[in-house]
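The values are calculated or read from the model by the stated rules, or taken from the named source; none is laboratory data. Predicted model only: the values in this text are computed from it and were never measured. Note that each Cβ is placed from the backbone with ideal geometry, even for glycine, and that neighbours are counted across all protein chains shown.
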Amino acid sequence: MALSLLKSLRSAYSSLNPEEVRKLAERSIAIELVADSEEAYSTMESYFLPAKTFEQDRALGLITLHRATNPNRPAKADLTIFEQGVACPRGAFTFYVENPERTIDDILDARSDLEITLARQFLGFREPAINRVINRIAKENALFTLITAMPNVVPSFLELPWAVGEYATDSAFLTINQVRMAFLIAAASGRPVGLAEQKVEVLGIVASAFGWRALARELVGKIPLGGGLIPKAAIAWAGTFVVGRAIEQVYITGDRMRRNEHKELYARAIEKGKDVAGNLLHNLRKPTAA
């Protein structure tokens, strides 16, 4: 069984393209700041490029940020951010000086295509973007687990990175999607991206795949008549979430998660995973409108 999974993983690795993730991180963008005073401009710039920003990231950020008063600013901006109190047109964003996190959320909600690019260049975007990556891929894995166990659900319902049919086992898909998550977290954190560059993290993900698979099989086997769908999907969600958090901690703080921290996080994640899985299953079973 382990050999079968390894063969599936070897085949599925061909679907991974770290170069695409690198391009996301290195994409050139222009952000225009609009304010009516020098103080307001400085406040916005200080938030996006705080003093603790690494010199390389600061240099990149300074190239990206442009004041509307600068005659040499790019002719077109990817994002335009207005000082709070200044009329903000449709398609632009307001910088809420008392709650800049709201600004970050508004931008990421509207421009998910810039998620990794913004996280790589600006500390304020980093944690929210990584949170979104981890939760999104954990949800993808839970949803994939449910759909492959429900033959009456059309696979195309899922808009996932790869086609369902390319994977011989659920575990292969879940593992590859976790490796993809590791690429995205590394890119958002300003770290090198790729199988060779992240071999420690990738090996850890592959090793953990056997544990999650065994646990899911054990739980499902104890619950009759398909009742194991939610536990299995909850494990897929929690396992992916914990892997993501562990990788994030290494890249952001440099510290590896201790065993007791890992255990406590998983205990909390499995409870959340049950709720996520229950909601997903409810939505899958909803009758579609004619």
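Cβ-Cβ contacts under 7 Å between residues 6 or more apart (or on different chains), taken from a first residue in segment 252-275 that is touching a residue at least 60 places away in the same chain (Cβ under 8 Å) to a second residue that is of a type in the set (Gly, Ala, Ser) and surrounded by 15 or more Cβ atoms within 10 Å (Cβ to Cβ), are listed as ILE252/SER189; GLY273/ALA142; GLY273/ALA234; GLY273/ALA238. Being closer than 24 Å to GLU248 by Cα, modelled with pLDDT under 60 and surrounded by fewer than 23 Cβ atoms within 10 Å (Cβ to Cβ) is a property that does not hold for PRO192.
Among the numbered conditions (1) in contact with a strand residue (DSSP E or B) (Cβ under 6 Å, 6 or more places away or on another chain); (2) in the same structural domain as GLU20 (by TED's automatic domain parsing), the only one that ASN131 does not meet is (1).
Of all the residues in segment 251-266, those that are more than 20 Å from the chain's Cα centre (by Cα) and assigned to a helix (DSSP H, G or I) number 5. In this entry, THR53 is excluded by the filter for residues that are among the polar types (S, T, N, Q) and in contact with an Asp or Glu (Cβ under 7 Å, 6 or more places away or on another chain).
Put simply, of LEU79, LEU49 the only residue that is touching a strand residue (DSSP E or B) at 6+ places or on another chain (Cβ under 9 Å) and modelled with pLDDT of 90 or more is LEU79. When segment 89-120 is filtered for residues that are within 15 Å of VAL34 (Cβ to Cβ) and touching a strand residue (DSSP E or B) at 6+ places or on another chain (Cβ under 9 Å), the ones remaining, listed by number, are PRO89, GLY91, ALA92, PHE93, THR94, PHE95, VAL97, THR103, ILE107. Scan segment 39-50 for residues that are out of contact with any Lys or Arg (no Cβ under 9 Å at 6 or more places or on another chain) and without any contact (Cβ under 8 Å) to a residue 24 or more places away in the chain and the total you get is 3.
Residue count for segment 90-126 under the criterion of being within 18 Å of the chain's Cα centre (by Cα), surrounded by 16 or more Cβ atoms within 10 Å (Cβ to Cβ) and of a type outside the set (Val, Ile, Thr): the result is 12.
Looking at the structure I just gave you, is LEU143 part of a helix (DSSP H, G or I), within 27 Å of ALA182 (Cα to Cα) and under 14 Å from the mean Cα position of the chain (by Cα)? No, not satisfied. Please go through segment 56-83 and give me each residue that is among the polar types (S, T, N, Q) and over 29 Å from the mean Cα position of the chain (by Cα), ordered by number. Listed by number, the residues that qualify are THR69, ASN70, ASN72.
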